[in-house]
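Notes follow the structure.
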Amino acid sequence: EIHAMRRMRGSLINELKQTVAELCAGFRSARTAMAKRTKNERVVFVNNLKRSVGDDLAGARRAWAGKSS
């Protein structure tokens, strides 16, 4: 009975290790996907910001030059 319990405990530990490894792999995969997605979102945001600031500066230059928009 003691040997059987030890085998069961060893089996449980091995299953636990495998489950934890799979969980960690899932976290890595999700983190990689999230990093790619947020990077793309930042690139879009910065590009929109640059365009908006550029438009604002162009409008200000026209106003300072006395030209209508």
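Between the DSSP loop rule and a limit of at most 10 other Cβ atoms within 10 Å, which GluC sites (Glu not before Pro) in the chain are left?
Details: sites: GLU1, GLU15, GLU22, GLU41; in loops: GLU1.
When the GluC sites (Glu not before Pro) of the chain are filtered for loop state and at most 10 Cβ neighbours within 10 Å, GLU1 remain.
Averaged per residue, what accessible area in Å² does the chain show with a 1.4 Å probe, protein chains only?
95 Å²
Summing +1 for each Lys or Arg and -1 for each Asp or Glu, what net charge is found among the other residues whose Cβ lies under 13 Å from the Cβ of ARG61?
Within the 13 Å Cβ shell, the charges total 0.
How far is helix 2-65 tilted off the main Cα axis of the chain, in degrees rounded to 10, range 0 to 90?
Rounded to the nearest ten degrees, it is 0.
Mean residue ellipticity at 222 nm from the helices of the chain, using -39,500 (n - 2.57) per DSSP H segment of n ≥ 4 over the full residue count, to the nearest 500 deg cm²/dmol?
That calculation yields -35000 deg cm²/dmol at 222 nm.
Reported to two decimal places, what Rg/Rh ratio describes the chain when computed on Cα atoms with Rh from the Kirkwood expression?
My calculation puts Rg/Rh at 1.68.
The values are calculated or read from the model by the stated rules, or taken from the named source; none is laboratory data. All values reported here derive from a predicted model rather than from experimental measurement. Cβ: placed from backbone, ideal geometry, glycine included. Neighbour counts: every protein chain shown. Note: accessible area is taken over every heavy atom of the protein model, side chains too, but ligands, DNA and RNA are not part of it. Shrake-Rupley method; radii C 1.70, N 1.55, O 1.52, S 1.80 Å.
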